[in-house]
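The structure appears below as structure tokens.
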Amino acid sequence: MKKFFFLLVTFFISVKFSFPKEEINFILEDFEENIEKRIKVAKDRECDFELSKEIIVSGEKSVKFKVYNKNINSARPPYFLIYPLITDWGKYNTLRFYILAIPERPVSSAGLLVQFHSTDFDWKTWVRGEKLYNFSLKIPTGKIVEISLPLDRLKFKNKVGEILFCIVEERGIYYIDKIELIQNRVEGVLVKEIANLQIDIPEFFAIDLYQKDAFYVLEKFYYNSKKPVILKIEFNIPTSDIKSKTISIYDEEKEILKKEVIFEKGEKLKEICFNIKGNKNLRVKVDDKELNMKIFDMKGLKEENLKIRKKRERTKNPFYRGIISAYAGTIYKKDDTVDIDAILSRIKELGVNCYTYLICYKSEKELKDLPEFLKKAKEEGIEVWVYIVPPSEAPIDRDKAIYERKYPPFDMDYLKWAEKIAEISLEYPNLTLWMIDDFDANLNFFTLDYTKKIYEKTKEINPKLLFGVCVYYDSIENFVKMGYLPYFDAILWGFQHSSIKFPDCGLKADSLSVEINDYYKLCPDKILIPCIYFTPHSSWPFGRPTREYLEKALEIAFNEAGICWIFTMPKPGTMQYEIVKNFTNRIELKKRKFE
């Protein structure tokens, strides 16, 4: 009897635990009634917010967010924000909501920024990224879309105070409904069309230029003039009857194509091929709608980069001789000191002529070992750059306010960092450049005046030592406008640093030429240092970068900028190691003479 009872209990336990756990959801906002205290709208930015019964996913109402700002400033976009009913999201892993974008222009996607603020974020005490987080999204237009955002990227899940929904591209109408927290975890941002909802969506069409080798960068279209360009005309839903569309394409005011296309009932897409060369201001008219587009011929742009690089090389400035710098990948001994000989051995095996020495994780020991590293590197003819981290990456107490963080031995006193590094460079001339990472994400700390002091302190001690900053591509134009240009010698940026902003990251490297060209123009006379992620960026999907991507990015960076920064120094036996070594074996890298 006891045996039977034991078997019976065992059976019920196994049955109980065989059932899947129920998904825990919490609806943060369903936009039904009495929203005034929970919602705030930036009406000064030309937008309106109202509840609507036109498009509903859940309940009886949704948001109808109307944006009529003629020139949307992505730095000050139209937005509405939600004060969530609960601030501790510890047990939730995903934020999900539904959106329908109906822009005024016939475009295939619109830009949305979802920004999270911590309850204690005040724009002063904390740096950007510590107490706020951004998701930049491209939303397909004319379709109900389910958006899922991974909350594991938030550093403050236990105290979320505000959620901003910002329209950064395309004025028009945006319906948003059912914002909820979900226990289940998603890998990366998910954008999924909801086709089974019985909603009467207004019919409209979008226009887009397409070419297999082409791409958009900051709304500019870059193409290969040796191949035809395709104009795509696509309805958001299959047409309900026969439709005729008159297409006219102009180069400035000169008409280069005129054609009538017929959509049969049930059709959604038509494609028209045409040939064009050079940089153009295209104007596309479809019936009474118009689309203006700047297009750029990649051939001419790459040729311009090569000319600038060759011109710089002729100056005999050693920074323009052709440099490949391996970054970090520090090897340590058992006592946590830097294994100088092991690092130098790997540098020589790779065949690179420069190494970027990171001071971060074991900062006191790394700084102490720097002079000995420089001494031995000089004997091998290796140029050395020093790289330190900003307040947002302080290795100790990063969850505290800036001036409470620890980065031994000088913590948040970057004038002392500048002074010490410059003093070391006086004795070791192969230390030619020092840089600060993620500079543009720390401008509340690195004010213009403070940056000037850092630059001047460096030059005061050693006029030959150069100072560099890391400023990403989407920040560089504003950074220059703010007046920072006179206070740095070199500029580094991570190419395709975000899979949200650059969906082809790790797969296609062609847009690197565009970025190099823009840095040349925005930062004339500055040393350009494109960083190629051989170690994949944390935001990239699994399986990237590919071999083809790395080989192409390495070649473009070296040929068109004259420098390629390898993030991070690859280990023997890896694909990345093989790619770098193969490249250095087939080119001549000149070593620098140190006086």
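Here are the numbers for this structure:
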read-out	value
Residue that is over 22 Å from Ser109 (Cα atoms) and not assigned by TED's automatic domain parsing to the domain that holds Lys508, where the choices are Ile237, Ile182, Ile230	Ile182
From Ile262, Ile276, Ile272, Ile256, residue being at pLDDT 95 or above and farther than 17 Å from Phe204 by Cβ	Ile262
Residue in region 491-512 that is part of a helix (DSSP H, G or I), touching a residue at least 40 places away in the same chain (Cβ under 8 Å) and touching a strand residue (DSSP E or B) at 6+ places or on another chain (Cβ under 9 Å) present	yes
Residues that are in the same structural domain as Phe373 (by TED's automatic domain parsing), in contact with a strand residue (DSSP E or B) (Cβ under 7 Å, 6 or more places away or on another chain) and either without any contact (Cβ under 8 Å) to a residue 24 or more places away in the chain or on the phi > 0 side of the Ramachandran plot (or both), drawn from region 287-339	Ala328, Asp339
So Tyr216, is it surrounded by fewer than 18 Cβ atoms within 10 Å (Cβ to Cβ) and among the aromatic types (Phe, Trp, Tyr)	yes
Counted residues, region 275-304 - those being within 21 Å of Phe235 (Cβ to Cβ) and of a type outside the set (A, V, I, L, M)	5
Any helices (runs of 4 or more DSSP H) falling wholly within region 402-487 and containing at least 2 residues that are among the hydrophobic types (A, V, I, L, M, F, W, C), closer than 25 Å to Lys378 by Cα and touching a strand residue (DSSP E or B) at 6+ places or on another chain (Cβ under 8 Å)	414-427
Total residues in region 161-192, condition out of contact with any strand residue (DSSP E or B) (no Cβ under 6 Å at 6 or more places or on another chain) and of a type in the set (D, E, K, R)	2
Which numbered condition Ser136 fails, given (1) part of a strand (DSSP E or B); (2) at pLDDT 90 or above; (3) of a type outside the set (D, E, K, R)	(2)
Output for region 238-258, where each listed residue is exposed (fewer than 13 other Cβ atoms within 10 Å of the Cβ) and out of contact with any Gly (no Cβ under 9 Å at 6 or more places or on another chain)	Asp241, Ile242, Ser244, Thr246, Glu252, Glu253, Lys254, Glu255, Lys258
Residue satisfying all of: in region 155-167; at pLDDT 90 or above and outside any strand (DSSP E or B); surrounded by the fewest Cβ atoms within 10 Å (Cβ to Cβ) among these	Asn158
The one condition in (1) buried (at least 22 other Cβ atoms within 10 Å of the Cβ); (2) of a type in the set (Val, Ile, Thr); (3) touching a Phe, Trp or Tyr at 6+ places or on another chain (Cβ under 6 Å) that Ile323 fails to fulfil	(3)
Search result, residues across region 439-479 that are surrounded by 15 or more Cβ atoms within 10 Å (Cβ to Cβ) and either in contact with a Gly (Cβ under 8 Å, 6 or more places away or on another chain) or among the β-branched types (Val, Ile, Thr) (or both)	Ala441, Thr451, Ile454, Thr458, Ile461, Val469, Cys470, Val471, Tyr472, Ile476
Of all residues making up region 544-581, the number that are assigned to a loop (DSSP other than H, G, I, E, B) and either touching a residue at least 24 places away in the same chain (Cβ under 8 Å) or buried (at least 16 other Cβ atoms within 10 Å of the Cβ) (or both)	9
Tabulated pairs, region 340-359, first charged (D, E, K, R), second in a strand (DSSP E or B), C-beta under 8 angstrom, 6+ apart or interchain	Arg346/Ala326
Some residue of region 8-26 being of a type outside the set (D, E, K, R), at pLDDT 90 or above and more than 30 Å from Asn184 (Cβ to Cβ)	no
Lone qualifier among Ile194, Ile249, Ile237, Ile242 - being β-branched (Val, Ile, Thr) and closer than 30 Å to Ile35 by Cα	Ile194
Index of the failed condition, Ile532 passing every other in (1) surrounded by 19 or more Cβ atoms within 10 Å (Cβ to Cβ); (2) touching a Pro at 6+ places or on another chain (Cβ under 8 Å)	(2)
Test result for Lys311, closer than 16 Å to Ala561 by Cα, at pLDDT 95 or above and not in a loop (DSSP other than H, G, I, E, B)	yes
Leading residue by the ranking (surrounded by the most Cβ atoms within 10 Å (Cβ to Cβ)) among those in region 398-417 that are more than 16 Å from Cys360 (Cβ to Cβ) and in contact with a Ser or Thr (Cβ under 8 Å, 6 or more places away or on another chain)	Ile402
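Here's the yes/no breakdown for (1) assigned to a loop (DSSP other than H, G, I, E, B); (2) within 20 Å of Lys591 (Cα to Cα):
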| position | (1), (2) |
| --- | --- |
| Arg283 | no, no |
| Leu291 | no, no |
| Asn305 | no, no |
| Ile324 | no, yes |
| Asp335 | yes, no |
| Ile343 | no, yes |
| Leu358 | no, no |
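The values are calculated or read from the model by the stated rules, or taken from the named source; none is laboratory data. Since the structure is predicted, the reported quantities are computational estimates derived from the model, not experimental observations. Every residue, glycine among them, receives a Cβ derived from its backbone with ideal geometry; neighbour counts consider all protein chains shown.
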